[in-house]
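J.: Handing you this structure, nothing more for now.
The values are calculated or read from the model by the stated rules, or taken from the named source; none is laboratory data. Quick caveat: nothing in here was measured; it's all calculated off a predicted structure. All Cβ positions, even for glycine, are placed from backbone atoms using ideal geometry, and neighbour counts span all protein chains on display.
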Amino acid sequence: MDTFDNFQYDSTSAYGGALTVVDDNSSVYTAGTHDPEPNTDLNLSSLSLSDSNGSHPPPNMHSHDAPVLEEDIYGVLDDLKDESSVDLPPHACSYCGIHSPASVVKCLICSKWFCNARGNTSASHIVNHLVRAKHREVILHSESPLGETIPECYNCGSKNVFMLGFIPAKSDTVVVLLCRQPCAQISKDISWNASLWAPLIDDRSFLSWLVKPPSETEQLRSRQISFTQINRLEDLWRDNANATLEDLEKPGVDDEPQQILVRYEDAYQYQNIFGPLVKIEADYDKRLKESQTQTDLMVRWDLGLNQKRVAWFGLPKLESGEVRLAVGDELRLRYNGELHKPWEGIGHVIKIPNNISDEIGLELRRAEGVPSECTHGFAVDFVWKSTSFDRMQLAMKTFAVDEKSVSGFIYHKLLGHELEPQILRTQMPKRFSVPGLPELNHSQMYAVKSVLQKPLSLIQGPPGTGKTVTSASIVYHLAKMNPGQVLVCAPSNVAVDQLTEKIHATGLAVVRLTAKSREALDSSVSYLTLHQQVANNTTHVELQKLILLKNEQGELSSTDERKYKTLIRICEKEILQKADVICCTCVGAGDPRLGKLKFRTVLIDEATQAAEPECMIPLVLGCKQVVLVGDHQQLGPVIMNKKAARAGLHQSLFERLVTLQNRPIRLQVQYRMHPCLSQFPSDMFYEGTLQNGVTAPQRLRKNVDFPWPVPDTPMFFYQNLGQEEISSSGTSFLNRFATFASHTTHR
Ligand SMILES: Nc1ncnc2c1ncn2[C@@H]1O[C@H](COP(=O)(O)OP(=O)(O)OP(=O)(O)O)[C@@H](O)[C@H]1O
Ligand SMILES: [Mg+2]
Ligand SMILES: [Zn+2]
Ligand SMILES: [Zn+2]
Ligand SMILES: [Zn+2]
């Protein structure tokens, strides 16, 4: 293993940062004993929010209660009967009712209390809750030994309990809380040793010096809740935060929505089944987004080139991964502090956290009244928008009621009816490879050829087999062969941009339609976007003048604004009509600006990553020929609500069509991976059919001196015997080496 020395994770030497010596005792636990493990007589100085000034009675950390005598138990059980009629205090564990202050903590996100006992489960109730609900911040009870304290990192203030740990200081009387990353690693402070860092959550419960495990007596008299009940209760809370264990018994709670089918009688049945699933998902998404309010934010102000106010801030809650923030999303920023009168304003996200910075950029819609002199005391809410769900519902309705929404053949095909195969009579091109793109290989050529003659085709290909190149080639021919525009979609903006670029390379006139909220955003195909093409048009002199004026002044008079809007609409229409191809996301195909257009041919790339109703949005604009491209061996669409996912919303249209015996055309030559990397996926997922279009020497990176165990095979397996830690999301185990290794080799 000597060869790997350089790559071993070394937390003491890898970083040069040092932490200043603690001289103010803030965020530091002071222990009153000489025990290196701070599990006795802890005192807290000033970490807490409350005015705990060390006057708390010393806690009895070793919960060595006197053994419970048998008669005590019966006495306790008798008491239980009486107590059931008595209301539990507000700080009782929401699972089991245990309520001694030293044994419970409050979840800061949902404000429910939980105890640190395991009951019948493998994790303590609080840890169970935090993991299930993806919450990660807690506060101790005011009457607990450490007082009303929020555990947080001494260095950076992070409150994520899955990241927090402690380092006993040399003085033996102080424990410092630091987050695992980055603070524990950069701490070079001599008064504590970073290698002694230990997590606050160990073996799935909080360390006993922080939250005392309830006594056996108390555990016995508590409500016995099973793991299944916990899971169902957590599910219920997502719908109704006040639900209780009793609600689990009520009828209707476990009602599952109707499962999707493989075949449908007609489009009404289709709508009747998918409609409710989309609604469940939408309601869930709304609740989730709206519950993500974050307070106590620090904001940095900036002025954009367009004279708009931009607020920059970090959003720790994003880390949980439950809510995904995208550029273009709307957020509401509020100020409720003392330095300015209360204010709120809506803006859209122009930058999300990336490798370089964790900051979010929010461009505010209006500049007036913005408290840009204030930096502290802001709060932010997600503004949920129903657009994408509305468009799915509308597409399904159109599919049902509008006979012209799709051709008869496509209608029956989508519903899974038996049909005679149809061949489109077309003039086939002489050459299948197209200008500006690589010469097609055999399987790609075959794919292009057969797609052009069929009203419905599926193309499947492992990563890097040229699905997007083939798609662009197909679009080229379709555009040349047919009048009208080809509509090209994919579920994600990134995929649409890649496709737009390749189609543009063939020389076709392409328009990339983006959502209004994303117009301020730069991308590799900005110059092809509709709004840019409008801005750069030379045919409308008056519009040019108004655009100039608007940029200079920030806004126009109301007459000018009206004129401006009318001219924009006219100009947009002209550009769309002149285009050969229009590219947008599946949801974007529901944009009103496309409302009057009909699209005879539609291609959807990465179709296996779209939920079925999402795919319907571009299809119901009059299609007669459909090409779906994807790979059902890769990840499917992301569905947040479990019920909706279970009922089948997570299955893509592509997959259902495959189940219906529509054979996908396969691409089998991959151009991205080193041949030694493609071997395993080929054997495991593609029955050994994946071939290499690149040779090992072509995939060799020069000037990289990495000590591969087998020098000409750039891969290795690493067995990591280190200690496991729960990751910051609480849902997986962390393997520090794995993270590190992938950083190193993916560069
Ligand atoms: N016939 C070909 N000859 C040479 N290079 C090709 C050919 N087809 C595709 N490539 C190259 O292979 C790479 C992958 O192509 P492409 O992005 O189209 O694949 P993909 O299947 O869409 O990948 P992904 O799974 O990431 O979506 C690109 O660099 C592309 O230029
Ligand atoms: Mg692709
Ligand atoms: Zn919670
Ligand atoms: Zn409990
Ligand atoms: Zn920290």
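J.: Can you tell me which residue among S492, S433, S450 is farther than 25 Å from H674 by Cβ, surrounded by fewer than 18 Cβ atoms within 10 Å (Cβ to Cβ) and within 13 Å of ligand 2 (Cβ to nearest atom)?
T.: Residue meeting the stated conditions: S492.
J.: Scanning region 340-371 for residues that are in contact (Cβ under 8 Å) with a residue 40 or more places away in the chain and surrounded by 18 or more Cβ atoms within 10 Å (Cβ to Cβ), which turns out farthest from the chain's Cα centre (by Cα)?
T.: Looking at the filtered set, the residue picked out is V370.
J.: Follow-up question, since we're still on this one. Just checking, how many residues over region 208-244 are closer than 11 Å to S124 by Cβ and hydrophobic (A, V, I, L, M, F, W, C)?
T.: The qualifying residues number 1.
J.: Would you mind telling me which numbered condition in (1) more than 16 Å from ligand 5 (Cβ to nearest atom); (2) assigned to a loop (DSSP other than H, G, I, E, B); (3) touching a Gly at 6+ places or on another chain (Cβ under 7 Å) R136 fails?
T.: With respect to (1) more than 16 Å from ligand 5 (Cβ to nearest atom); (2) assigned to a loop (DSSP other than H, G, I, E, B); (3) touching a Gly at 6+ places or on another chain (Cβ under 7 Å), R136 is out only on (1).
Let's see how each residue does on (1) within 21 Å of the chain's Cα centre (by Cα); (2) surrounded by 15 or more Cβ atoms within 10 Å (Cβ to Cβ); (3) among the hydrophobic types (A, V, I, L, M, F, W, C):
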| residue | (1), (2), (3) |
| --- | --- |
| Q553 | no, no, no |
| A579 | no, yes, yes |
| V587 | yes, yes, yes |
| L597 | no, yes, yes |
| A611 | yes, yes, yes |
| L628 | no, yes, yes |
| Q634 | yes, no, no |
| P637 | yes, yes, no |
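J.: Return a yes/no flag: does region 553-573 have any residue that is within 25 Å of K279 (Cα to Cα) and more than 16 Å from ligand 3 (Cβ to nearest atom). So that I can check it myself, show each step before the final result.
T.: Let us first name the residues in region 553-573 that are within 25 Å of K279 (Cα to Cα), namely none.
No - not one qualifying residue is present in region 553-573.
J.: Looking only at region 457-467, how many residues end up being within 13 Å of Q670 (Cβ to Cβ) and either among the aliphatic types (A, V, I, L, M) or within 6 Å of ligand 1 (Cβ to nearest atom) (or both)?
T.: So the answer is 6.
J.: Here's a check for you: in region 691-736, which residue that is modelled with pLDDT of 50 or more and not in a loop (DSSP other than H, G, I, E, B) is surrounded by the most Cβ atoms within 10 Å (Cβ to Cβ)? Before you say what the answer is, go through the steps one by one.
T.: Of all residues in region 691-736, those modelled with pLDDT of 50 or more come to 691-721.
Now restrict to residues that are not in a loop (DSSP other than H, G, I, E, B): 691-692, 697-699.
On the way: Q691: 15, N692: 21, P697: 7, Q698: 11, R699: 17.
Among those residues, the one meeting the criterion is N692.
J.: Against the condition surrounded by fewer than 22 Cβ atoms within 10 Å (Cβ to Cβ) and either within 16 Å of ligand 1 (Cβ to nearest atom) or of a type in the set (G, A, S) (or both), how does H417 come out, does it pass?
T.: Numbers: surrounded by fewer than 22 Cβ atoms within 10 Å (Cβ to Cβ): yes; either within 16 Å of ligand 1 (Cβ to nearest atom) or of a type in the set (G, A, S) (or both): no.
The answer is no for H417.
J.: OK, next. Restricting attention to region 213-241, which residues are part of a loop (DSSP other than H, G, I, E, B) and more than 30 Å from S158 (Cβ to Cβ)?
T.: Initial filter on region 213-241 (part of a loop (DSSP other than H, G, I, E, B)): 213-215, 222-226, 240-241.
Scanning region 213-241 gives S215, S222, R223, Q224, I225, S226, N240.
J.: Let me spell it out: the conditions are (1) at pLDDT below 85; (2) not in a loop (DSSP other than H, G, I, E, B), and G361 meets all of them except one. Which number is the exception?
T.: For G361, the exception is condition (1).
J.: Within region 181-212, how many residues turn out to be part of a loop (DSSP other than H, G, I, E, B), surrounded by 19 or more Cβ atoms within 10 Å (Cβ to Cβ), modelled with pLDDT of 85 or more and in contact with a helix residue (DSSP H, G or I) (Cβ under 9 Å, 6 or more places away or on another chain)?
T.: So the answer is 3.
J.: Could you please find all residues in region 102-111 being within 14 Å of ligand 3 (Cβ to nearest atom) and either of a type in the set (G, A, S) or farther than 19 Å from L146 by Cα (or both)? Walk me through it before giving the result.
T.: Restricting attention to region 102-111, the residues satisfying the condition of being within 14 Å of ligand 3 (Cβ to nearest atom) are 104-111.
Selection gives I109, C110, S111.
J.: Also, quick follow-up: Condition test on Q577, is it farther than 30 Å from R366 by Cβ, part of a helix (DSSP H, G or I) and among the polar types (S, T, N, Q)?
T.: Details: farther than 30 Å from R366 by Cβ: yes; part of a helix (DSSP H, G or I): yes; among the polar types (S, T, N, Q): yes.
Taking the combined requirement at face value, the residue satisfies it.
J.: Related question: Out of G688, G636, I need the residue that is under 29 Å from N441 (Cβ atoms), at pLDDT 85 or above and out of contact with any Cys (no Cβ under 9 Å at 6 or more places or on another chain). Which one? Spell out how you get there, then give the answer.
T.: Details: G688 fails: at pLDDT 85 or above.
Unique residue meeting the criteria: G636.
J.: Here's something else I'd like to know. Any chance you could count how many residues in region 640-677 are touching a residue at least 60 places away in the same chain (Cβ under 8 Å) and more than 30 Å from E256 (Cβ to Cβ)? So that I can check it myself, show each step before the final result.
T.: Taking region 640-677 and keeping what is touching a residue at least 60 places away in the same chain (Cβ under 8 Å), we get 640-644, 646-649, 651, 653-654, 656-660, 662-673.
Subset that is more than 30 Å from E256 (Cβ to Cβ): 663-673.
Total satisfying the criteria: 11.
J.: Only one of these conditions is not met by V127: (1) within 9 Å of ligand 4 (Cβ to nearest atom); (2) buried (at least 22 other Cβ atoms within 10 Å of the Cβ). Which number is it?
T.: (1)
J.: Here is a follow-up. Given the condition in contact with a Phe, Trp or Tyr (Cβ under 7 Å, 6 or more places away or on another chain) and under 28 Å from H417 (Cβ atoms), answer yes or no: does some residue in region 639-658 qualify? Don't jump to the end; show me each part of the working.
T.: Restricting attention to region 639-658, the residues satisfying the condition of being in contact with a Phe, Trp or Tyr (Cβ under 7 Å, 6 or more places away or on another chain) are 640-641.
Still in the running and under 28 Å from H417 (Cβ atoms): none.
Within region 639-658 (the criterion being in contact with a Phe, Trp or Tyr (Cβ under 7 Å, 6 or more places away or on another chain) and under 28 Å from H417 (Cβ atoms)), the answer is no, since none of the residues qualifies.
J.: In region 124-180, which residue that is farther than 27 Å from P90 by Cβ and of a type in the set (K, R) is farthest from ligand 3 (Cβ to nearest atom)?
T.: Keep residues of region 124-180 that are farther than 27 Å from P90 by Cβ, which gives 153-158, 163, 165-176, 178-180.
Pick out the ones that are also of a type in the set (K, R) and you get 170, 180.
Numbers: K170: 36, R180: 21 Å.
Of everything passing the filter in region 124-180, K170 is farthest from ligand 3 (Cβ to nearest atom).
J.: How many residues, within region 460-473, are closer than 17 Å to L487 by Cβ and either surrounded by fewer than 23 Cβ atoms within 10 Å (Cβ to Cβ) or in contact (Cβ under 8 Å) with a residue 40 or more places away in the chain (or both)?
T.: The initial filter retains those residues of region 460-473 that are closer than 17 Å to L487 by Cβ, namely 468, 471-473.
With the extra rule that they be either surrounded by fewer than 23 Cβ atoms within 10 Å (Cβ to Cβ) or in contact (Cβ under 8 Å) with a residue 40 or more places away in the chain (or both), the set shrinks to 468, 471, 473.
Looking only at that region, the number is 3.
J.: Has region 256-270 got any residue that is at pLDDT below 95, of a type outside the set (S, T, Y), under 30 Å from I225 (Cβ atoms) and in a helix (DSSP H, G or I)?
T.: no
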